[in-house]
Amino acid sequence: MLRIARTAVSAAVLGAFTMQPALALEPANLQFGPLYFTPTLDLEAYYTDNLWLTDTQEKNTWVGVITPRLQTWLQNGASDYSLTFELEDSTYASSDDDDYTDYTATVDVHQVFNARNRLNLYGEYYDGHEKRGTGFIEGELSLITDKPIEYERSTFGGDYTYGSKTSRGRLKVAAESVDFDYQNYRDFTRFFDRTEDALAGTLFWKVAPRTDALVEARAINNDYDDEDPSDPAGTHTSDELNYLLGVAWEATGRTSGHVKLGMYDRDYDSGAREDEDGFLWEVGVRYQPRTYSTLDLNTRRYYQETNGLGDGINTRALNLGWGHSWNQRSSTHLNLGYMNDDYEGGDREDDTYDLEARYDYGFRRWVDLSAGYRYQYRDSDLNFFDYSGNIFFLEARMGL
């Protein structure tokens, strides 16, 4: 998922908008010379009554997830550099075929040259999967397959900012390249191996002490490696341009956020696919009526790659979140989400609803505990893709 063009929204999971617990874990570090090492461990156990997100033959199971993580980092004044390794291992009590182990390695460079010049560089390698019931294996397809989709994703990118937040003007330029290589079900998935390249530029202009007007442009190229000879519409390769105008503000009284409005224009290399254009928006607003209570509103409209049906997916997403700290250790969070996916060039349109309620408890400085409930419901024009599901979960996040 492109950081500079697709941030904040997951096409499959509305929970991407979910606020993080207010009681952040504060693990201790190990120091060897100028290097710091921060090991952490996440544990999760959850029960789901619809593992494969189907409308029939619903599968229930307990699931255990173990996620050890090691971050190595170096601080150099206002700059910092980090390398993170993460392993996520999941075991399904009633479905061994869905067991998985994912690996992620990430490098981040945050270089501050001076008050007006900052550079961020990042890279990530992910060797993982798409769960059955999501992505390419949705609906009843999950009942006739015996394992998840496996893929590798490599991401490289960065951004440079000239000007400080107190400057009259500020310019930010960014670039990113994401490469997807699918590993199994190759008779089908090889036609979705691709590289997504993006360039973006944003000009900020101060109109008040804590408020900036902005103009932003993005260019996105989706280059598919192979073309399915059985698809009369031809390649999915495309070029897309985004143009946005907006405003961003920080902690003005009790609110902060951004509002961006604009247009998108997508052109396919294949003349058999219909080019798309339309209105897009990106809105994120945080309202804090009290220091211990926060309300969040996030909504977006954007265009994304198809997962097998149609030319692309025209998506509208909305999320409302409320976080409340009851005391220094306890907090609750409620999140409501809605997503509409319209498959352009196909006969499918989905409405997906998402709810999460959780309780977080800061048991110790080095351990946070959580418990909660998630509900998802999808209503599709194609009944094949309808589902509803309930998840009950327990989590622990631990450090030194």
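Below are the figures for this structure:
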{"read-out": "For region 107-152, diffusion coefficient by Stokes-Einstein and Kirkwood Rh (Cα), 4 °C, 1.567 mPa s, µm²/s", "value": "95"}
{"read-out": "Residues 178, 283 arranged by fewest to most Cβ contacts within 10 Å", "value": "283, 178"}
{"read-out": "Contour excess over end-to-end distance, with Cα ends at residue 61 and residue 392 and 0.36 nm allotted per residue", "value": "118.1 nm"}
{"read-out": "Helix-only mean residue ellipticity at 222 nm for the chain, each DSSP H run of n ≥ 4 adding -39500 (n - 2.57), per residue, nearest 500", "value": "-500 deg cm²/dmol"}
{"read-out": "Amide H contacts of residue 274 (H built 1.01 Å from N, under 5 Å, at least 5 apart or other chain)", "value": "none"}
{"read-out": "Cβ-Cβ FRET estimate between residue 45 and residue 297, R0 fixed at 35 Å, reported to 0.05", "value": "0.65"}
{"read-out": "Relative contact order (percent, whole number), the chain, Cα cutoff 8 Å, 6+ residue spacing", "value": "15"}
{"read-out": "Gain in span if fully extended, residue 287 to residue 353, counting 0.36 nm per residue against the direct Cα distance", "value": "21.5 nm"}
{"read-out": "For region 324-369 and region 68-90, distance of Cα centres in Å", "value": "26"}
{"read-out": "Extended-chain gain in nm, criterion 0.36 nm per residue less alpha-carbon gap, residue 80 and residue 125", "value": "14.2 nm"}
{"read-out": "Region 378-393-region 215-271 distance, computed between alpha-carbon centres (Å)", "value": "28"}
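None of the figures in this text is laboratory data; all of them are computed from the coordinates on show. As the structure is a computational prediction, the values presented were derived from the model and not from experiment. Virtual Cβ from ideal backbone geometry, glycine too; neighbours counted across all protein chains shown.
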